Structure formats: C-alpha cells, structure tokens
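Chemist: My questions will all concern the structure given below.
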Amino acid sequence: MIPKGIYGITSSEFGISQIESAKILLEAGIKIIQYREKNATSRKMYEDAVKIKKLCDEYNATFIVNDRVDIALASESSGVHVGQKDLPAKIARKLIGNKILGVSISSIDEAKNAIIDGADYLGAGAIFTTNTKNDSEFLGIENLKKVIEISNIPVIAIGGIKLEHVKILKNIGVHGIAVISAIFGSENPKEMARKFVEEWES
C-alpha cells in the first residue's frame, strides 16, 4: 500500500502552487504524494485535493491528505496523515475505514501508540534539525533506528533531510524518505526531485 522510496509533500510556501508542486514530484517519478496545506480555506483545499488526486491517478501514485480527514474523504484520496496535535489516530481510523492512515511520531512511545491505534505507516522525525519542527519534535538517527526495530509497519523518515542523507537512511532500513525544503527550497526543484529519486534507486 505504501510505495517505497521518496515520499513527496506538496507546498505552496516556496512560490510554487500546490498543483505545480505535485506535478514536479510526480514527473520526477515519486509514487506517493501528500497534500499539505495549513493556510487555505476548506473550499480551496478541497479544490486543490481533487486536482492533485486526478494527477496522482494519471501517474499511478498514492494520494494522501495531511491533517484533514474531511478533505481526504471528499477528494476520494488514498488516505490521511495526522500529527500528534491533529484528530487522534484511532478516531481518524474509525472515520476513514480501510483507507491508508499515516501518523507523525517523534518518540518511541508515540510510535507504539500509533501502531496500536491503527496506523499503516509512521512519519518519524525530525531526523535532522529543521526550521519547521521545534526541539520537542526532534527524534534523531539513533531513536529512528529504535523505532524501525519495534515497528511492524513502514517507517518514513522526515525532517531536515538532504540529498547526502538518503543513502544513510536507506541503509538503516527506512521504508521511505519525506522531503519538502530540500526540493522546493532549491534553485531547480524539478532537477532536485529527480536527484532524490535517483539517489534512492541507485
């Protein structure tokens, strides 16, 4: 259910639209896309999600909506991803049925609880220091290894990951690597997205 490799997350924070950022990720060969939007209206989020779902279908990619169970259901997405401050994972599971459920974790205890609550995969991080996460949400490499050891579901690493980290993380057994800033904050997002895919596959 969860494609291995680079896990693409859309962003409108770097001067590219949500739709365009999804296209960039899909054209690079990324097979799972998460629509992440914190500032738009519900109507705009729904409209974006429907368009990105259509794109994902065209590229035979899995489509996940961040945070918003309602938007995930309305857009007929493959699933939803919730954080520790969002709707509780076990409630999200009840609402979405057998759709994919991803849960963000930054500790061993959170990982265990997410698995018990019905998560299909864990978004584990932050692995490296990042501007988008505070210190309490820092996991690090050593704890990531422990999460992989205790987890019977795929673990996706996230947080401050750069191109040079891909091999290290793949070698310790992550199922995938989620990237935002390293792609969309680069001079050429299309080229950088391709480089991440190539680095994982090489």
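Chemist: Within the range 162-174, track down each residue that is surrounded by 20 or more Cβ atoms within 10 Å (Cβ to Cβ) and touching a Phe, Trp or Tyr at 6+ places or on another chain (Cβ under 7 Å).
Modeler: Result: Val166, single match.
Chemist: Do we have Leu26 as over 25 Å from Ala124 (Cβ atoms), at pLDDT 95 or above, touching a Leu at 6+ places or on another chain (Cβ under 7 Å) and buried (at least 16 other Cβ atoms within 10 Å of the Cβ) here?
Modeler: It is false that Leu26 is over 25 Å from Ala124 (Cβ atoms), at pLDDT 95 or above, touching a Leu at 6+ places or on another chain (Cβ under 7 Å) and buried (at least 16 other Cβ atoms within 10 Å of the Cβ).
Chemist: Next up: Of the residues that sit in the range 175-202 and are of a type in the set (S, T, N, Q) and loosely packed, with under 14 Cβ neighbours inside 10 Å, which one is nearest to Gln34 (Cα to Cα)?
Modeler: Across the range 175-202, the extreme among qualifying residues is Asn188.
Chemist: Taking Ala126, is it surrounded by 24 or more Cβ atoms within 10 Å (Cβ to Cβ), among the hydrophobic types (A, V, I, L, M, F, W, C) and under 16 Å from His175 (Cα atoms)?
Modeler: no
Chemist: Could you say which residue among Ile100, Ile16, Ile32 is touching a residue at least 40 places away in the same chain (Cβ under 8 Å) and either out of contact with any strand residue (DSSP E or B) (no Cβ under 6 Å at 6 or more places or on another chain) or of a type in the set (D, E, K, R) (or both)?
Modeler: Step by step, each of Ile100, Ile16, Ile32 is checked, and only Ile16 is touching a residue at least 40 places away in the same chain (Cβ under 8 Å) and either out of contact with any strand residue (DSSP E or B) (no Cβ under 6 Å at 6 or more places or on another chain) or of a type in the set (D, E, K, R) (or both).
Chemist: Please give the number of the condition Ile91 fails out of (1) surrounded by 15 or more Cβ atoms within 10 Å (Cβ to Cβ); (2) over 18 Å from Ser21 (Cβ atoms).
Modeler: Answer for Ile91: the failing condition is (1).
Chemist: Being among the polar types (S, T, N, Q), on the phi < 0 side of the Ramachandran plot and free of Cβ contacts under 8 Å to residues at least 24 places away in the same chain narrows it down to one of Asn171, Asn113, so name that one.
Modeler: Asn171
Chemist: If the requirement is being buried (at least 18 other Cβ atoms within 10 Å of the Cβ), of a type in the set (Ser, Thr, Tyr) and within 19 Å of Lys4 (Cβ to Cβ), which of these qualifies: Ser106, Ser151?
Modeler: Unique residue meeting the criteria: Ser151.
Chemist: Mind checking which pairs have a first residue in the range 179-192 that is under 12 Å from Ile6 (Cα atoms) and without any contact (Cβ under 8 Å) to a residue 12 or more places away in the chain and a second that is buried (at least 20 other Cβ atoms within 10 Å of the Cβ) and among the aliphatic types (A, V, I, L, M), Cβ under 7 Å, 6 or more apart or different chains?
Modeler: Note: no pairs meet the criteria.
Chemist: Let me ask something else. Search the range 143-168 for residues that are among the polar types (S, T, N, Q) and pair each with any residue that is in a helix (DSSP H, G or I) and surrounded by 18 or more Cβ atoms within 10 Å (Cβ to Cβ) when their beta-carbon atoms are under 8 Å apart and the residues are at least 6 apart or on different chains.
Modeler: Final answer for the pair search is Ser151/Ala111; Ser151/Ile115; Asn152/Ile115.
Chemist: When you go through (1) buried (at least 24 other Cβ atoms within 10 Å of the Cβ); (2) out of contact with any helix residue (DSSP H, G or I) (no Cβ under 6 Å at 6 or more places or on another chain) one by one for Gly97, which number turns out not to apply?
Modeler: It is condition (1) that Gly97 fails.
The values are calculated or read from the model by the stated rules, or taken from the named source; none is laboratory data. For clarity, every value in this text was computed on a predicted model and none was experimentally measured. Cβ coordinates were reconstructed from backbone atoms using ideal geometry, including for glycine residues, and neighbour counts include every protein chain displayed.
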